[in-house]
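The structure is given below, and queries will be raised subsequently.
The values are calculated or read from the model by the stated rules, or taken from the named source; none is laboratory data. In this text, all values refer to a predicted model and were calculated from it rather than measured experimentally. With ideal geometry, Cβ positions are generated from the backbone for all residues, glycine too; neighbour counts draw on all protein chains shown. These area figures cover heavy atoms from the full protein model, side chains too; ligands, DNA and RNA do not enter into them. Shrake-Rupley method; radii C 1.70, N 1.55, O 1.52, S 1.80 Å.
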Amino acid sequence: MGKNVVILAGGVGGARMARGFDALADVSTTVVVNVGDDDTIHGLNVSPDLDTVVYTLAGLEGPEGWGRANETWAAHEELGRLGLDNSFRLGDRDLALNIFRTLRLREGVPLSKVTAEIATAFGLTTSVLPVTDDPIRTKLLTDEWIDFQTYFVFRRHRDRVNDVRFDGLDQATPAPGVLEAISGSDLVVVAPSNPILSVRPIIETPGLRDALDAVKVRVGVSPLIGGKALKGPAGDILESLGYESNHHGVVASYEGLLTDLVIDESEEETQISGTRIHRADILIGDKESATRLAKEIISWMD
């Protein structure tokens, strides 16, 4: 019997996990994506996590997991020649997509509809939804409050993070289809994304937590191996915000959300009260490995 799966996703880890479930013929997948990283770059509305998920599902992601494959950089180089800070890299194809998004949003079209239009243009069958159509902006306290892209791109996530807030979150409402997808799901998968920066803006969107808690099985894939992040600063941020930089810290940061946690097969068996632990190869850098992990997760739930 086919299953309905909702994936909570941010960035590269979320996109790769979504790719695995997308490949399963008997699974209907909805990807609910973080928008706290969204920003305005060169006057354009940029949604990095949404685009990473779309590009990856379309098989067009760049070699590092973000951006487009076989990208060209003429506009990027010209912006630099003209003296603009082009540290946030937008290739020519990526730039075109962001121009399209910006124009549609300025016409009053909500982000969820624009995303659906983009997904259709890329031939996707999996549903990709921003968690909300409302603007949420992740802010981090280092030596001062800074926005996410300043922290992550311009400062290359070198700063110690002392606090995090999500501006606009208290006024946000779930995008159309998000609550319906969750309530109709057999399984929620929290992708191996940054628990604080990528997943928390999703699960703290008003209305999401109650809907998620009503789903019987909620599986997280750990973003850590040996206490270190598979990609990005997840472990460092967990530790700086008072959590352990290990699987206990990952589970604690989700505040009771997870019924199950998948850790890497290289790790020693661990016990976490209230959470079932599964061991598997969680390195999912290609479609085949992501599909294999998705199949394993589904098999555990049967």
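Report yes if Val54 is in a loop (DSSP other than H, G, I, E, B) and either touching a residue at least 60 places away in the same chain (Cβ under 8 Å) or under 13 Å from the mean Cα position of the chain (by Cα) (or both), otherwise no.
no
If you don't mind, there's one more thing I want to ask. Of the conditions (1) assigned to a helix (DSSP H, G or I); (2) within 19 Å of the chain's Cα centre (by Cα), Gly220 clears all except one; give me its number.
Of (1) assigned to a helix (DSSP H, G or I); (2) within 19 Å of the chain's Cα centre (by Cα), only one is false for Gly220: (1).
Within the range 248-299, track down each residue that is within 24 Å of Leu208 (Cβ to Cβ), assigned to a helix (DSSP H, G or I) and out of contact with any helix residue (DSSP H, G or I) (no Cβ under 6 Å at 6 or more places or on another chain).
The answer is His248, Val251, Ala252, Ile297, Ile298.
Report, by residue number, each residue of the range 127-142 that is buried (at least 18 other Cβ atoms within 10 Å of the Cβ) and either at pLDDT below 95 or in a strand (DSSP E or B) (or both).
Val128, Leu129, Pro130, Thr132, Arg137, Thr138, Leu140
Identify, please: which residue in the range 6-50 is assigned to a strand (DSSP E or B) and in contact with a Pro (Cβ under 9 Å, 6 or more places away or on another chain) and is, among those, surrounded by the fewest Cβ atoms within 10 Å (Cβ to Cβ)?
Asp39
Just checking, which of Gly59, Gly2 is among the small types (Gly, Ala, Ser), open to solvent by 20 Å² or more (accessible area, probe 1.4 Å) and farther than 18 Å from Gly184 by Cα?
Going through Gly59, Gly2 in turn, just one is among the small types (Gly, Ala, Ser), open to solvent by 20 Å² or more (accessible area, probe 1.4 Å) and farther than 18 Å from Gly184 by Cα: Gly59.
Kindly indicate the residue of the range 156-182 that is part of a strand (DSSP E or B) and of a type outside the set (Lys, Arg) and also most open to solvent (accessible area, probe 1.4 Å) among those meeting that condition.
If we take residues in the range 156-182 being part of a strand (DSSP E or B) and of a type outside the set (Lys, Arg), then Asp163 is most open to solvent (accessible area, probe 1.4 Å).
While we're looking at this one, here's another question. Please enumerate the residues belonging to the range 200-224 that are under 21 Å from Val161 (Cα atoms) and either open to solvent by 10 Å² or more (accessible area, probe 1.4 Å) or in contact with a strand residue (DSSP E or B) (Cβ under 6 Å, 6 or more places away or on another chain) (or both).
Arg200, Pro201, Ile202, Ile203, Glu204, Ser222, Pro223 - these are the residues of the range 200-224 that are under 21 Å from Val161 (Cα atoms) and either open to solvent by 10 Å² or more (accessible area, probe 1.4 Å) or in contact with a strand residue (DSSP E or B) (Cβ under 6 Å, 6 or more places away or on another chain) (or both).
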